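The block underneath contains the structure these notes are about, expressed in structure tokens.
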Amino acid sequence: MINITEEMQKLVDNALKDGFPCILATSSSTGEPGVGYRGSMMIYDDETLAYWERTKRAGLEHIEANPQVVIMFRNPTERKAWKFHGVATVHKTGPIREEIKAKTVQPELDRDPEDEGYAVTIKITRIMTMGGEIVQER
């Protein structure tokens, strides 16, 4: 069972402000890896992360072809780090898109002045330490 802790929520939700944005790892349908920062990463609910996808580049293409992703969070100041494995879903329209947009940090929305971004949710299947220890698993 996945139950994102209050500590994880606080740290992930403040990652950009604290100077340690999350990193999203993806893979195309042919296995080509991709990795990039996601400054808008947030906890959506007890078992889901979310972010605002504004660039619509390779990361989005990868997710649409292969929704298996990993999000890496690391805050060396707090000495906390986790890897969140999960399955991503893109929300191009609708209430989930609007809800995530409303929770997105302002600097990320400022980089999308035309409001063309999408919401992405990631249903977490496993949380691990950086050393590979499983903290939680579905």
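Counting only residues that are touching a strand residue (DSSP E or B) at 6+ places or on another chain (Cβ under 8 Å) and among the charged types (D, E, K, R), which one in the stretch 110-134 is modelled with the lowest pLDDT?
Going through the stretch 110-134, the residues touching a strand residue (DSSP E or B) at 6+ places or on another chain (Cβ under 8 Å) turn out to be 112, 117-130, 134.
This time we only want the ones that are among the charged types (D, E, K, R), so: 112, 123, 126.
Values: Asp112: 94, Lys123: 98, Arg126: 98.
Among those that are touching a strand residue (DSSP E or B) at 6+ places or on another chain (Cβ under 8 Å) and among the charged types (D, E, K, R), it is Asp112.
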- Look at the stretch 5-35 and say how many of its residues are in contact (Cβ under 8 Å) with a residue 40 or more places away in the chain, closer than 25 Å to Glu64 by Cα and in a loop (DSSP other than H, G, I, E, B). 0
- Item | Complete set of residues in the stretch 93-109 that are at pLDDT 95 or above, of a type in the set (D, E, K, R) and either touching a helix residue (DSSP H, G or I) at 6+ places or on another chain (Cβ under 7 Å) or closer than 19 Å to Tyr37 by Cα (or both) | Lys101, Lys103
- Task: Quick one: which residue in Thr26, Thr48, Thr5, Thr55 is at pLDDT below 95 and of a type in the set (S, T, N, Q)?
- Result: Thr55
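The values are calculated or read from the model by the stated rules, or taken from the named source; none is laboratory data. Note that the coordinates shown come from a computational prediction; the quantities given were computed from them, not determined experimentally. With ideal geometry, Cβ positions are generated from the backbone for all residues, glycine too; neighbour counts draw on all protein chains shown.
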